[in-house]
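In what follows, a single structure is set out as structure tokens and then discussed.
Quick note: the coordinates plus some simple rules give every number you see, no bench work behind them. None of the values given here were measured: they were computed from a predicted structure. Quick reminder, even Gly has a Cβ in these numbers, built from the backbone with ideal geometry, and neighbours come from all protein chains shown.
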Amino acid sequence: MTAGSRFRVAFFLAAEGDLDRLAALDPDRDTAELQRGERIWILQTFLRLHRAGFDCELVDRVPPDGLVVFHAKQERELRRRMPPGGAPVLVGVRADNRQPLAAEFEIVQNGRFADGRVRHLVPHWPQPGLVPRAADCATRVERVAYKGFAENLDPGFRSESWRRALAERGVEWELDERGFAGAGHDGTPLGWGDYSRIDVLLAVRPGARKTGFSKPASKLVNAWLAGTPAILGPEYAYRELRRSELDYFEAANPEQALAAIDRLRASPELYRAMVGNGRARARDYDARAVAARWIELLGDRLPRLAEDPGRTRRRRLPLTLRRAARLVARWASLRPPR
């Protein structure tokens with residue numbers, strides 16, 4: 001049975017060519033098409049909700065009404081393609097960007113700024129096409145890997161002393177990384193979904209990068225799904241999900257990471273416990289669970305909030321005025337108290 005919303009639901013994707021071709025993609029097969037932020041959040045969400053039976057459409061023009069979900073990076077194009085006199089409910093996906101001022105509601109990827117009224121938490125999709133750790137690896141700790149953008153790894157994990165310390169333990173260090181520039185834009189698969197021979201995932205950002213509140217918990221969820229223990233940096237998104245030490249080890253530097261690796265090498269029981277715990281935790285963050293969160297949000301919660309009479313009146317104001325009011329509110333919230 002097809003599920004739906006009291007409002008028409010459209011996912012806005014600008015300048016993407018043949019929408020019919022994109023709408024026919026399989027998110028678990030065509031993973032090379034789902035590497036950029038706009039496609040991960042907009043195209044993949046449409047594909048998964050549509051496959052789940054939720055009534056929605058993929059558009060490159062803004063409908064005059066209903067819920068319109070867009071990525072913050074495409075806000076300018078969305079405004080350019082707004083229909084004269086239209087009053088859709090604009091739902092902006094913030095991702096790693098600043099607040100999309102055109103949005104009446106926002107989607108945020110961790111709970112730091114979520115309030116359940118304007119800003120709503122929806123977990124990031126797990127890595128599409130993820131290959132879990134092979135069963136024949138047992139509890140061995142022979143390969144530690146980083147998977148991600150080169151700029152997001154603390155320099156301490158590039159040092160010769162780090163490699164030497166791992167080698168002394170009989171552990172290989174694998175850097176599965178790409179630079180930010182152009183990554184994923186040419187359709188070349190990034191290959192970050194293969195955990196088949198990864199015994200421990202490590203991801204610690206540079207301490208100088210001020211991203212601790214903005215990022216999702218994707219690497220933790222991917223490690224849970226893969227059956228691979230994780231060593232992660234001190235970030236809000238990870239701590240938000242943490243219930244016990246079995247969820248992941250926290251490390252801010254190579255010394256703390258080595259201590260965690262030594263514990264796993266010395267205790268097969270601990271390794272097995274972390275894998276089992278991760279598989280149980282992953283059920284709340286796999287693709288099926290994230291789709292359910294989206295469907296509840298777009299099919300029920302946002303329509304109820306959007307029908308508030310005050311919101312309905314404000315929606316009739318020109319978008320430029322609404323954006324200006326949100327900019328003033330954001331500026332006021334950043335001013336130090338007197």
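Ignoring everything except DSSP H segments at least 4 long, calculate the 222 nm mean residue ellipticity for the chain; use -39,500 (n - 2.57) per segment, divide by total residues, nearest 500. Write out the running numbers ahead of the final one.
Working: 12 runs with 109 residues, N = 338.
Using -39500 (n - 2.57) per qualifying helix, the result is -9000 deg cm²/dmol.
Is segment 201-258 rounded, prolate or oblate when judged by the Cα gyration tensor, a ≥ b ≥ c being the square roots of its eigenvalues, rounded requiring a/c under 1.5 and prolate requiring a/b larger than b/c?
Cα axes put segment 201-258 in the oblate bin.
For a Förster distance of 30 Å, can you work out the FRET efficiency between the beta-carbons of S161 and R263, rounded to the nearest 0.05?
0.90
Towards the positive end of the charge dipole of the chain, with charges on Cβ (+1 Lys, Arg; -1 Asp, Glu), say which of G37, T320, A95 has the farthest Cα.
The Cα lying farthest towards the positive end belongs to T320.
Label 7 Å along Cα→Cβ of D286; segment 214-239 residues with amide nitrogen under 11 Å?
Answer for this model: 225-226.
Taking the Cα centroid of segment 240-319 and of segment 21-45, what is the distance between the two, rounded to the nearest whole Å?
If you average the Cα positions of each part, the centres end up 21 Å apart.
Is segment 135-282 best put as rounded, prolate or oblate by its Cα gyration tensor, with a ≥ b ≥ c the root eigenvalues, rounded for a/c under 1.5, and otherwise prolate when a/b is larger than b/c, oblate when not? It would help to have the intermediate numbers written out before the result.
Details: a/c = 1.33, a/b = 1.22, b/c = 1.09.
Verdict is rounded for segment 135-282.
Between (i) 68, 55, 35; (ii) 63, 42, 37; (iii) 76, 48, 37, which matches Cα extents along the principal axes in Å calculated for the structure shown?
(i)
Taking springs between alpha-carbon atoms closer than 10 angstrom, which of R76, R197, R293 fluctuates most in the Gaussian network model of the chain?
R76
Of K215, K73, how do they rank once you tally other Cβ atoms within 10 Å and put the fewest first?
So the ranking, lowest neighbour count to highest, is K73, K215.
So what is the relative contact order for the chain, in percent, with contacts set as C-alpha pairs under 8 Å and at least six apart?
Relative contact order, the chain: 17 percent.
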